[in-house]
Amino acid sequence: MPQQDLPRADFIAILSKWPTLKNIEIQGEGEPLLHQDFFALIEDAKTLCPEAKLSTITNGSLLNDANIAGLMHSTLDHLWISLETLEPLQFQRIRGGKLSRILRGLRALLAAKKQYGHGLKIGFAVTLLHNHVKQLPAISRLYHALGMDGGISLQGLQTMPAYQQYYDTSLNAALLQPSDTEELKQLIAGDLYVKHSLLAYQRQGGFYAQMQQQAGSGCCPWLKLGMYVDVKGRVMSCCFSKNTQHALGHFLQETAVVQRRAALTSALADGHIPSTCEGCGIASQLVRQNIPALNI
């Protein structure tokens, strides 16, 4: 995907429009710590939206002394380290880096957190891959052994067209299968380490967990309570809808954005998946629930 940085001036303009936001995740399709203004963006967000919880996801490759110091002097509330496996060779094949470096940086961050008494919640964001679900118990045990407290979030590889168009054969082969889903259910039910780390994520009030809880069942949490704003200021229905043709409008066009978002909600309620939501598991589930019964 094209890699760009959101200009700080645009970030300020976006948040100035919505000062009562409850959660802000400073995250896109890339490593957030590469943004030259990352720590300034955190402070801008806390100043402009003082009630908001601030979060991000990092791959952990840039947890060096300077960035750890920046995190300890920031008002960031939640940070998750993305991870799929604790097998070094598998990690290198998937991510192209060294697991030992990530874990070294993570341990240094946790030590700094303890030293400073910082309230930053630190957890893992696990992307579940085919045949990798069995890695979850080991990741959960590492989470507990390190004394992490932000919980573990789970998601599969995205099946939205905006993502899958970039997948090669190996990534397509890594998509979750029904057998993986069944294995995951058994792990959660039978492994206390896994269960506790997943519950910790729900309880910590991370942005997506909180959005799911407040939205309730029978609706898309994004369409009810959230939105994604890209580097060009375009409002998307969710953070997985990256096709610019599906933009709801510019963030300054609030009326149009609200109307188009309502139209998507209505379509799902009527049992139809709009093109914007193609490939989304939540949309598919909602449509199955909302298809009218046939009168025979």
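The values are calculated or read from the model by the stated rules, or taken from the named source; none is laboratory data. The model shown is predicted, which means the values in this text are computed figures rather than measured ones. No Cβ is skipped: glycine too gets one built from the backbone with ideal geometry, and neighbour counts run over all protein chains shown. Please note that ligands, DNA and RNA were not included when accessible areas were found on the heavy atoms of the full protein model with its side chains. Shrake-Rupley method; radii C 1.70, N 1.55, O 1.52, S 1.80 Å.
Of all the listed residues (Ala189, Ala162, Ala108), the sole one being modelled with pLDDT of 95 or more, over 17 Å from Ile57 (Cβ atoms) and not aromatic (Phe, Trp, Tyr) is Ala108. Filter the stretch 1-12 down to residues that are hydrophobic (A, V, I, L, M, F, W, C) and not in a loop (DSSP other than H, G, I, E, B) and give me whichever is surrounded by the most Cβ atoms within 10 Å (Cβ to Cβ). In this case the residue turns out to be Phe11. The residue pairs whose first member lies in the stretch 1-21 and is over 12 Å from Val231 (Cα atoms) and of a type in the set (Phe, Trp, Tyr), whose second member is outside any loop (DSSP other than H, G, I, E, B) and open to solvent by less than 70 Å² (accessible area, probe 1.4 Å), and whose beta carbons are closer than 9 Å, counting only pairs six or more residues apart or on different chains, are Trp18/Leu48. For Leu176, indicate whether it is under 19 Å from the mean Cα position of the chain (by Cα), aliphatic (A, V, I, L, M) and open to solvent by 60 Å² or more (accessible area, probe 1.4 Å). Against the criterion (under 19 Å from the mean Cα position of the chain (by Cα), aliphatic (A, V, I, L, M) and open to solvent by 60 Å² or more (accessible area, probe 1.4 Å)), Leu176 qualifies.
Yes/no matrix, rows are residues, columns are (1) assigned to a strand (DSSP E or B); (2) touching a Cys at 6+ places or on another chain (Cβ under 6 Å); (3) surrounded by 14 or more Cβ atoms within 10 Å (Cβ to Cβ):
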| site | (1), (2), (3) |
| --- | --- |
| Leu76 | no, no, yes |
| Leu79 | yes, no, yes |
| Leu86 | no, no, yes |
| Gln92 | no, no, no |
| Gly97 | no, no, no |
| Ser100 | no, no, no |
| Leu106 | no, no, yes |
| Leu109 | no, no, yes |
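Out of the residues in the stretch 13-55 that are hydroxyl-bearing (Ser, Thr, Tyr) and open to solvent by 30 Å² or more (accessible area, probe 1.4 Å), which is nearest to the chain's Cα centre (by Cα)? Steps first, answer last, please.
Filtering the stretch 13-55 for residues hydroxyl-bearing (Ser, Thr, Tyr) gives 16, 20, 47, 55.
Filter once more, so that each one left must be open to solvent by 30 Å² or more (accessible area, probe 1.4 Å): 16, 20, 47.
Working: Ser16: 23, Thr20: 21, Thr47: 23 Å.
The qualifying residue nearest to the chain's Cα centre (by Cα) is Thr20.
The number of residues in the stretch 116-132 being touching a His at 6+ places or on another chain (Cβ under 8 Å) and within 23 Å of Glu182 (Cβ to Cβ) comes to 0.
Considering (1) at pLDDT 90 or above; (2) more than 26 Å from Leu136 (Cβ to Cβ); (3) part of a helix (DSSP H, G or I), the lone condition that Ile273 does not fulfil carries the number (3).
In the set (1) of a type in the set (Val, Ile, Thr); (2) in contact with a Lys or Arg (Cβ under 6 Å, 6 or more places away or on another chain); (3) not in a loop (DSSP other than H, G, I, E, B), Thr56 fails one condition alone, (2). One residue stands out among those in the stretch 229-274 that are polar (S, T, N, Q) and more than 22 Å from Gly28 (Cα to Cα): the one that is surrounded by the fewest Cβ atoms within 10 Å (Cβ to Cβ), which is Thr255. Considering every residue within the stretch 119-127, establish whether at least one is closer than 27 Å to Gln210 by Cβ and either acidic (Asp, Glu) or part of a helix (DSSP H, G or I) (or both). Among the residues of the stretch 119-127, not one is closer than 27 Å to Gln210 by Cβ and either acidic (Asp, Glu) or part of a helix (DSSP H, G or I) (or both), which makes the answer no. For the stretch 130-152, filtering for residues that are within 14 Å of Thr85 (Cα to Cα) and either open to solvent by 40 Å² or more (accessible area, probe 1.4 Å) or at pLDDT 90 or above (or both) leaves 14.
Residues that are part of a loop (DSSP other than H, G, I, E, B), touching a Lys or Arg at 6+ places or on another chain (Cβ under 9 Å) and farther than 16 Å from Ile282 by Cα within the stretch 200-250 comprise Gly205, Gly206, Asp230, Ala247, Leu248, listed in sequence order. The numbered conditions (1) within 24 Å of Leu157 (Cβ to Cβ); (2) not in a loop (DSSP other than H, G, I, E, B) are all true for Ser16 except (1). In this structure, Tyr201 does not qualify as open to solvent by 70 Å² or more (accessible area, probe 1.4 Å) and touching a Phe, Trp or Tyr at 6+ places or on another chain (Cβ under 9 Å). Remark: pairs (first residue in the stretch 149-164, touching a residue at least 24 places away in the same chain (Cβ under 8 Å) and part of a loop (DSSP other than H, G, I, E, B); second residue of a type in the set (D, E, K, R) and open to solvent by 20 Å² or more (accessible area, probe 1.4 Å); Cβ separation under 6 Å; 6+ apart in sequence or on different chains) = Asp149/Lys121; Gly150/Lys121.
Within the stretch 208-228, take every residue that is among the hydrophobic types (A, V, I, L, M, F, W, C) and open to solvent by 40 Å² or more (accessible area, probe 1.4 Å) and give me the one that is farthest from Ser55 (Cα to Cα). Break it down into steps so the answer makes sense when it comes.
Step one: list which residues in the stretch 208-228 are among the hydrophobic types (A, V, I, L, M, F, W, C), which gives 209, 211, 215, 219-220, 222-223, 225, 227.
From what's left, open to solvent by 40 Å² or more (accessible area, probe 1.4 Å): 225, 227.
Numbers: Leu225: 17, Met227: 15 Å.
The extreme case among them is Leu225.
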